[in-house]
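Scroll down for the structure; my scribbles are underneath it.
The values are calculated or read from the model by the stated rules, or taken from the named source; none is laboratory data. These numbers come from a predicted model, not from an experiment. Don't worry about glycine lacking a Cβ; one is built from the backbone with ideal geometry, like all the others, and counts go over all protein chains shown. SASA here: full protein model, heavy atoms, side chains in, ligands and nucleic acids out. Shrake-Rupley method; radii C 1.70, N 1.55, O 1.52, S 1.80 Å.
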Amino acid sequence: MKSSFVLILVLAGAVAGAIEKRILGSKSCGKERQYHVEIEATQGGKACGGALLNSRWVITAAHCAGQKVKVKLGLQFDAPFLKKMKNFFKGKTIKKEQEIDVPQQFALKVDENSYDLMLIKLNEDVSSKLPTIHLPAADCTRPELKQEVQIGGWGAKKADMKKTKTKKLMCATTMIADCGDNDKPHKDYHSDESTMCAFKPGVESCHGDAGTAVEYNDILYGIIVSEPTDKCANAIVMLDICPHLKWIEDTMRNK
């Protein structure tokens, strides 16, 4: 009986550790966000998220790159079980890494204004089996105030930044809100009507969550541009991509 009680305590402790939150107020994404990619500076020190738009292009925040980066694809991909077993015995994996140099990184600039938005062109096409996220219609408008949007990331686990990133991609739901006076992208980037914010008590983005997709009705409507360094951001600053859709489409077509 005593040994059974000890086992229960051990299992309870394991569960408590497993549910430790990362995008604060989050839970494991499970099979969601299979389009998610991880972006790391090859020299270390910077990590972000991104989203696979198609077999050749990734979208993220501009401050996530600007130097040689490693793009990790397929980390969240959940293939059918039989396919996984077949690939395992063949020694194959759909998870891929590509190192991308600066010339293949395209940051948004309008006139003299730089925006915290970037498209990364991969060196080669990835498997068409990798899920992608859809862009909204050309005439889209941002979600209205109090509309719920979904965010995610692999950032720091706790607000004090003492924990490393989680092994699981974490997801949370937050709510579109008015931006405060200090809720802006980094000073190196322009802030205008395409800056939008989200707030929900207990939901925050942490170091490493920047560049990840903001979903509304399962469609990409924004990119997280908050980049907190010493604590997590309670009001999450995002870039509305609707005003920049033409630039996104023109860049993918012409570069």
Hits in the range 192-217 (condition: open to solvent by 50 Å² or more (accessible area, probe 1.4 Å) and more than 14 Å from the chain's Cα centre (by Cα)): Glu193, Phe199, Lys200, Pro201, Asn217
Residues that are at pLDDT 55 or above and not in a loop (DSSP other than H, G, I, E, B), drawn from the range 63-82: His63, Cys64, Val69, Lys70, Val71, Lys72, Leu73
Pair list, Cβ under 8 Å, 6 or more apart: the range 36-58 residue open to solvent by 30 Å² or more (accessible area, probe 1.4 Å), other residue among the basic types (Lys, Arg) and assigned to a strand (DSSP E or B): Glu40/Lys70; Glu40/Lys72; Thr42/Lys70; Ala47/Lys165; Arg56/Lys121
Residues of the range 234-255 classified as open to solvent by 20 Å² or more (accessible area, probe 1.4 Å) and under 18 Å from the mean Cα position of the chain (by Cα), total: 2
Criterion violated by Glu148 - all others in (1) acidic (Asp, Glu); (2) closer than 16 Å to Gly50 by Cα; (3) at pLDDT 95 or above; (4) open to solvent by 30 Å² or more (accessible area, probe 1.4 Å) satisfied: (2)
Positions within the range 83-129 being at pLDDT below 95 and small (Gly, Ala, Ser), in sequence order: Gly91, Ser127, Ser128
